[in-house]
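Notes for the one structure printed next.
The values are calculated or read from the model by the stated rules, or taken from the named source; none is laboratory data. Since the structure is predicted, the reported quantities are computational estimates derived from the model, not experimental observations. All Cβ positions, even for glycine, are placed from backbone atoms using ideal geometry, and neighbour counts span all protein chains on display. When the accessible area is computed, the model is the full protein with side chains, heavy atoms only, and any ligands, DNA or RNA have been set aside. Shrake-Rupley method; radii C 1.70, N 1.55, O 1.52, S 1.80 Å.
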Amino acid sequence: MTALYIDADACPVKAEAERVATRHKLRMFVVSNGGLRPSQNPYVETVIVADGPDVADMWIADRCGTGDVVVTGDIPLAAKCVEAGAKVLKHNGEALTAANIGNVLATRDLMTDLRAADPFRQGGGKSFTKADRSRFLDALERELRAAMRQ
């Protein structure tokens, strides 16, 4: 049965994902190392993992598989989930697949190296917009329907 996994640390689309999961009557796991208010929704399970680097990521990667959908902005986690057969979406609705995860991971690593080489390099991601939220909702609906058909 399809499940929806949310890498909840800094996830701007938890409420939207919960609405979609509820509409489809799917189990949704909201995984973090704390600081979240648990949902009263019977389809949503809040999972609080121990503090530590990548503990929430490991929890998700160890459980997701074919037929599941994972929402994360963490590229290494996305790579593990794609390898496990799950469908993966970033918060802006961008799908990460076997066809593109290698390039996305390489770009992430390159940008990490560039930032490390230039301590004065200022950078920040683009702000999260209403259009990003809309793209996410459309993409989540599409990916969940495809996952449920598997």
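Only a single item in (1) surrounded by 20 or more Cβ atoms within 10 Å (Cβ to Cβ); (2) more than 10 Å from the chain's Cα centre (by Cα); (3) closer than 21 Å to Glu141 by Cα; (4) at pLDDT 95 or above is not met by Thr2, and it is number (4).
For the stretch 76-90, taking the residues that are open to solvent by 30 Å² or more (accessible area, probe 1.4 Å) and more than 17 Å from Thr2 (Cβ to Cβ), the one that is nearest to the chain's Cα centre (by Cα) is identified as Lys90.
Among the residues making up the stretch 38-54, those that are open to solvent by 40 Å² or more (accessible area, probe 1.4 Å) and either of a type in the set (A, V, I, L, M, F, W, C) or in a loop (DSSP other than H, G, I, E, B) (or both) are Pro38, Gln40, Pro42, Tyr43, Ile48, Ala50, Asp51, Pro53, Asp54. Looking only at residues of the stretch 13-37 that are free of Cβ contacts under 8 Å to residues at least 60 places away in the same chain and part of a loop (DSSP other than H, G, I, E, B), we find that the one that is nearest to Lys87 (Cα to Cα) is Lys25.
Total residues in the stretch 62-75 satisfying the condition of being over 11 Å from the mean Cα position of the chain (by Cα) and open to solvent by 20 Å² or more (accessible area, probe 1.4 Å): the figure is 3. Taking the condition open to solvent by 40 Å² or more (accessible area, probe 1.4 Å) and under 15 Å from His91 (Cα atoms), does Pro12 pass? Yes: the conditions hold for Pro12.
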